[in-house]
Amino acid sequence: MRKAIITTLSVLIVLLFIACNTRVNYNKYLIAIDSLIVQQPDTALSMLEAFPTNSLQTQADSAYYGLLMTEARDKNYIIQTNDSLIQSALTYYNGTNDIEKRARAHYYSGCVYRDSRKKKEAMTQFLMAEPLAEEAGEKRLLSLIYFNIGHLYYSQNLNTQADSTYRLAAQIGEKDPVLQASVLTQRGLIQMEKGEASYPEAEKMILKALSIAENSPNIRLKESVFTSLCLLYNWMENGEKAIEFAKRNLGVQANPDTCYKAFELLGSAYYQISQYDSAHYYLQKALPTKHFATKASIYMYLADIAKEQGDLATSLEMERKYSAYLNSMQNNSQTDEIITAEKNLRFNSLPEKLNTQSISLILSIGIPLTFIGILAIFIHVLFLRKKQNTTHPIAAYIPEEIHEEMFEQSDVYKKMKRIIQSYKTNGGSAEMMHKNDWRQLITETDKCWSNITSTLQSRYGLTEDEIRLCCLYLADLPASHLCHILNCTRDTVYKRADRILEQRMGFAHKEASLKNVLKELH
């Protein structure tokens, strides 16, 4: 009722404004709607939906209407995959000198591509909107652009780039509390993925976002924060807290589609503390979802629950369904080359930003400096080789911190991160670890931790599979990520780790953690 009254009053105010003019000018009507779209997006959308589109008399009005309708739908969290309206607006504004509307048209074109999961195209549009928004002095729009670019980086597991872009969005949009909370939530998720040592910092960030969200009417913000806290406390193995925020997330749901995901989240939280009856109940409530990734995740949990309860027939059936939905999801997935899009756009815009003189200056200074740098490195390497014993590799002179950085740049580490990201976004991965990948992981681990796998094999008689698990623990990945790489449940990971500690290394139950023991060995 309150929403209807606000909408009616807004429409009356706009109509009175128009009546004061000598003739009806729909462009002025659209301008009035534009003034409402940030603070009252639901009202603006209602007015646009009631607008007689056959009354649009000029190309400018049609373009403006298309821009506003796309923007209003986006601000009301309506998924848009049809880009006909915004593309017409974009074509028009690209032929004008209206920098502000050109920036908005490119940005909301990117939003439609984002909703369509065309990340490369979305990145291209956001990057085209960025300099236009900056030129127009539209700080609010610029902060949204950077936030969305950050999200695209995050979706591709480019967490370093994502974090720095989120920081930039927060800096520019410092007066927007919803944006600040959204940034804190996303940066908290990035901290979570760094490993257990970063969990306190992640918790601090997301709880700060929670304090903003609790005082905001924005339901989507609350959902995001509650979901992130549930995931965090699951990873921290704080089951009660995970369930608390999963329930709070369920309590603010309005959309049936997201409600299914909330049921799945609560079911998985109960699963983590072995309350299988409650987990089964909520997971079953989530099954009507049409989202393949959510379905795959549900069947994975149901298979594990049935196995724990001794119902092997049901477990096998659930695993079959899990595989079927995982395959369907992977068949529908697309490769998104957002970095290629960024490089292409940055390269193509370079001549506009640098004149011939500055390029010449860069070349005249940069090439000699680069040559000198390479020569210095070459001489340094030769010097080290001359000093060292021939039986010791030059890697022995490189500090451990550099080895760790090299490890994170290795192909096998990047592949593991891709597998983890695929599970995070799609519920499964088309990639898996092969023998050559495991060999490379062991090699990279030995470089970083002084041939530790030889010690593990000679001192404790660890099998190849056990050594692989130790390498994954030394990579400082959370157990929730290890289960994706090993294609097993988190409980299985813990049981294998406990078996290594107790049966192979001789530590009493819960006396120490495998990760700490391994690092002390080094």
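Bear in mind that the values in this text are calculations on the coordinates, not laboratory data. Quick caveat: nothing in here was measured; it's all calculated off a predicted structure. With ideal geometry, Cβ positions are generated from the backbone for all residues, glycine too; neighbour counts draw on all protein chains shown.
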Rough spin-label spacing in nm, given labels placed 7 Å along Cα→Cβ, for Ser278 and Ala430: 3.9 nm
Proximal lysine pairs, the stretch 216-309, alpha carbons under 15 Å, eight or more residues apart or interchain: 8
Highest-first arrangement of 474-487, 426-439, 164-177, where packing means the average Cβ count within 10 Å: 474-487, 164-177, 426-439
Protection proxy ranking of 409-422, 288-301, 100-113 - average other beta-carbon atoms within 10 Å, highest first: 100-113, 288-301, 409-422
Relative packing of 217-230, 449-462, which averages over residues the other C-beta atoms within 10 Å, highest first: 217-230, 449-462
Unsatisfied cross-links (Cα-Cα over 22 Å) in the set Lys447/Lys495; Lys119/Lys414; Lys175/Lys208: Lys447/Lys495
Spin-label pair Arg140/Ser55, simplified geometry with 7 Å Cα→Cβ offset, distance in nm: 2.6 nm
Charge dipole (debye, nearest 20) of the stretch 400-522; +1 at Cβ of Lys and Arg, -1 at Cβ of Asp and Glu: 420 debye
Shape of the stretch 400-522, Cα gyration tensor, a/c cut at 1.5: oblate
Whole-Hz ³J(HN,Hα) from phi, Karplus 6.51 cos²θ - 1.76 cosθ + 1.60, for the stretch 37-48, glycine and proline x: 5, 7, 7, 10, x, 5, 5, 4, 5, 4, 5, 5
